[in-house]
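Data block below; observations after.
The values are calculated or read from the model by the stated rules, or taken from the named source; none is laboratory data. It should be emphasised that the depicted structure is a prediction, and the values quoted were computed from it without experimental measurement. No Cβ is skipped: glycine too gets one built from the backbone with ideal geometry, and neighbour counts run over all protein chains shown.
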Amino acid sequence: MTTVRRLAIAAAVACLTLPAAAQDLRAPSAPGAKVYFINIKDGDIVTSPFLVQFGLSGMGVSPADQQPVEVNRTTGHHHLLVNMELTGLEAAILPMTDNIRHFGRGQTEAMITLPAGQHTLQLVLADWRHVPHNPPVVSERIRITVR
């Protein structure tokens, strides 16, 4: 094994053993920042597909492929959590799944297709790496019914 490889492995192991606070490299959120649903609310009955408009105050929207410059670090892009909570993912790269929908081009609205029944929705703002800010900027979790 080469010296460089040994050093790389040692560095990786050291990172795994650091306290959680030392590993937290999340981008800071702006004080008072809020993300919210504009056109739907808790208890709404919708027909699929339906439009969801994302609101944001106190921070800016930017595409995921644009790393923010130091003077404007309080930007991010929207993620829509469907039938799940953010719990346990606050400091993680959000995976792209049917339950975590990414809007990395900086979209502020989307047509959503869901099967008939009750569903929960929650918005999360994440940085250019798809990691929620610190503290996380999340909307209220709402429940809708799809006809």
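Which numbered condition in (1) at pLDDT 95 or above; (2) in contact with a His (Cβ under 9 Å, 6 or more places away or on another chain); (3) crowded, with 17+ Cβ neighbours inside 10 Å; (4) not polar (S, T, N, Q) is the only one that residue 119 fails?
Status for residue 119: all satisfied but (2).
For the range 96-143, give me each residue that is charged (D, E, K, R) and within 11 Å of residue 77 (Cβ to Cβ).
The first filter runs over the range 96-143 and keeps only residues charged (D, E, K, R), leaving 98, 101, 105, 109, 127, 129, 140-141, 143.
Listed by number, the residues that qualify are 105, 127, 129.
Can you name the number of the only condition in (1) under 20 Å from residue 138 (Cα atoms); (2) out of contact with any Lys or Arg (no Cβ under 6 Å at 6 or more places or on another chain); (3) hydroxyl-bearing (Ser, Thr, Tyr) that residue 113 fails?
Failed condition: (1).
Would you check which residues across the range 66-84 are within 18 Å of residue 26 (Cβ to Cβ) and either surrounded by fewer than 18 Cβ atoms within 10 Å (Cβ to Cβ) or at pLDDT below 90 (or both) and list them?
Just the residues of the range 66-84 that are within 18 Å of residue 26 (Cβ to Cβ), to begin with: 66-70, 72-79, 81.
66, 67, 68, 69, 70, 72, 73, 74 - these are the residues of the range 66-84 that are within 18 Å of residue 26 (Cβ to Cβ) and either surrounded by fewer than 18 Cβ atoms within 10 Å (Cβ to Cβ) or at pLDDT below 90 (or both).
For a quick check of your reading of the model, give me the residue pairs whose first member lies in the range 116-140 and is farther than 16 Å from residue 54 by Cβ and in contact (Cβ under 8 Å) with a residue 60 or more places away in the chain, whose second is surrounded by 18 or more Cβ atoms within 10 Å (Cβ to Cβ) and among the β-branched types (Val, Ile, Thr), with beta-carbon atoms closer than 6 Å and at least 6 apart or on different chains.
Once the first residue is farther than 16 Å from residue 54 by Cβ and in contact (Cβ under 8 Å) with a residue 60 or more places away in the chain and sits in the range 116-140, its partners that are surrounded by 18 or more Cβ atoms within 10 Å (Cβ to Cβ) and among the β-branched types (Val, Ile, Thr) give 116/146.
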